[in-house]
1. What full-extension length gain, to one decimal in nm, is calculated for residue 7 and residue 20 as 0.36 nm per residue of separation minus the Cα-Cα distance?
2. Mind checking the full-extension length gain between residue 32 and residue 48? Use 0.36 nm per residue of separation minus the Cα-Cα distance, one decimal, nm.
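Since every read-out is calculated from the coordinates, none of them should be taken as a lab result. Keep in mind the model is a prediction, meaning the values are calculated, not measured.
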Amino acid sequence: MNLLVHAVGAWIAAEAASGRYPRPVAVGLSMLVSRLGAPTMAMTVMALAIKRLNEAGAFERLKTPAVESRQRLGDR
C-alpha cells in the first residue's frame, strides 16, 4: 500500500511539473506530494526523465511494428 501511495504521488507530481495543471493547483499538489518524502521524489524524477526520453523518440524501436508489416507476415 505504501508503494501505491508513493507511485500515485509521483504520478501527480510529474503531471503537475509537466504543466498539466494551472500554477496555483500545481503548487498545492507539489506541497502535498513533498510530504510523502524521498521515495516519491525519486519516482517523480524518474517519471519525468522517462517522459522526456519518450517525447524525444528514445523508445521508438520498442513500439509495436506497423500494420503493414503485420499484414506481410500474414500473407506468407
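1. Working: separation 13, 0.36 × 13 = 4.68 nm, distance 1.78 nm.
Length gained, residue 7 through residue 20: 2.9 nm.
2. Values: separation 16, 0.36 × 16 = 5.76 nm, distance 1.81 nm.
Gain in length upon complete extension: 3.9 nm.
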